[in-house]
Structure formats: structure tokens, C-alpha cells
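Below: the structure, in C-alpha cells.
The values are calculated or read from the model by the stated rules, or taken from the named source; none is laboratory data. This is a predicted model, so every value here is computed, not measured. A quick note on method: Cβ atoms are made from the backbone with ideal geometry, for glycine too, and the neighbour counts reach across all protein chains shown. We work out accessible area using only protein heavy atoms, side chains counted, and drop any ligands, DNA or RNA first. Shrake-Rupley method; radii C 1.70, N 1.55, O 1.52, S 1.80 Å.
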Amino acid sequence: VQLQASGGGLVQAGGSLRLSCEASGRAFSRYCMGWFRQAPGKEREFVGAIDWSGVYTDYADSVKGRFTISRDNAKNTVYLQMNSLKPEDTAVYYCAASTIVSGTSNLQIFYSYWGQGTQVTVSS
């Protein structure tokens, strides 16, 4: 599986962005998809995840109520809608695919495939 993330950019605090992650390959609908981010000087951290069906989602506490993950299996694409952005959301955002059978995971070890990352910068 190859993943291509896009949609990053520069936005003012309080603004919105929508990230997309398009996957190649036929098995996209079988994967749990996750979003992670890495700010300068910090470790990569979990943002959110969505199960293969799109029914179950999980979010980091820091983004709950502001970020929404969705997926379109017909388009092999997962989305991260980010609203009410804060300067502390500035990071490189990565999408990843996990072959866990059900549910979601916030652990990077369970994600086998990673996209190249897209930069999100939130100005104050």
C-alpha cells in the first residue's frame, strides 16, 4: 500500500484545513487508517484513527471536538477535517494504514504503511 497525503498549508488560528490521504492498492477498505503528527523537536504522536468500515473513530484528547476523520472506500481516501486550529497544531501530519482486524489503534507499532507527510502551519 502506498499512501499520499495532501492538503496541508498555512492557516491562521481559528481556521480550518482538510487533509486527504489517497491509497493505492485494492485492500484499502480492509485497513484501519490513522493520522499522526510530529511537531519540531517532538516525537510523532497519535491524532486520530478510523476503522475499516468508517463506523468507529478515536481521537487524541488534544483534538477531540475539533478534528474529524472520515473515509471514502470507493475513492481509497481518508480525510482529516481540522477546525478551530491552534498554533500548537503546527506539525507534519502523516497518514498510516494498519492491518488490525477490527477497531482502531493509537499505537504506531500497529501501522505498517505510512505516507510522506504534509506540513500544517497555524499562525497566531
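Observations on the structure shown:
- Segment 1-29 residues that are open to solvent by 60 Å² or more (accessible area, probe 1.4 Å), paired with ones that are outside any strand (DSSP E or B) and charged (D, E, K, R) (beta carbon under 8 Å, 6 or more apart): GLU22/LYS75
- Filter pass, ALA60 being out of contact with any helix residue (DSSP H, G or I) (no Cβ under 6 Å at 6 or more places or on another chain) and surrounded by 15 or more Cβ atoms within 10 Å (Cβ to Cβ): yes
- In segment 64-74, the count of residues that are modelled with pLDDT under 95, part of a loop (DSSP other than H, G, I, E, B) and open to solvent by 30 Å² or more (accessible area, probe 1.4 Å) is zero.
- Residue in segment 93-114 that is surrounded by 19 or more Cβ atoms within 10 Å (Cβ to Cβ) and closer than 19 Å to GLY15 by Cα present: yes
- Top-ranked residue in segment 75-87 [being over 14 Å from ARG18 (Cα atoms) and touching a Ser or Thr at 6+ places or on another chain (Cβ under 8 Å); ranked as surrounded by the most Cβ atoms within 10 Å (Cβ to Cβ)]: ASN76
- Qualifying residue in segment 46-54 (condition: open to solvent by 50 Å² or more (accessible area, probe 1.4 Å), among the charged types (D, E, K, R) and at pLDDT 95 or above): no
- Residues of segment 1-60 that turn out to be assigned to a loop (DSSP other than H, G, I, E, B), hydrophobic (A, V, I, L, M, F, W, C) and over 15 Å from VAL78 (Cβ atoms), as a count: 3
- The condition of being open to solvent by less than 70 Å² (accessible area, probe 1.4 Å), modelled with pLDDT of 95 or more and of a type in the set (Lys, Arg) holds for ARG37.
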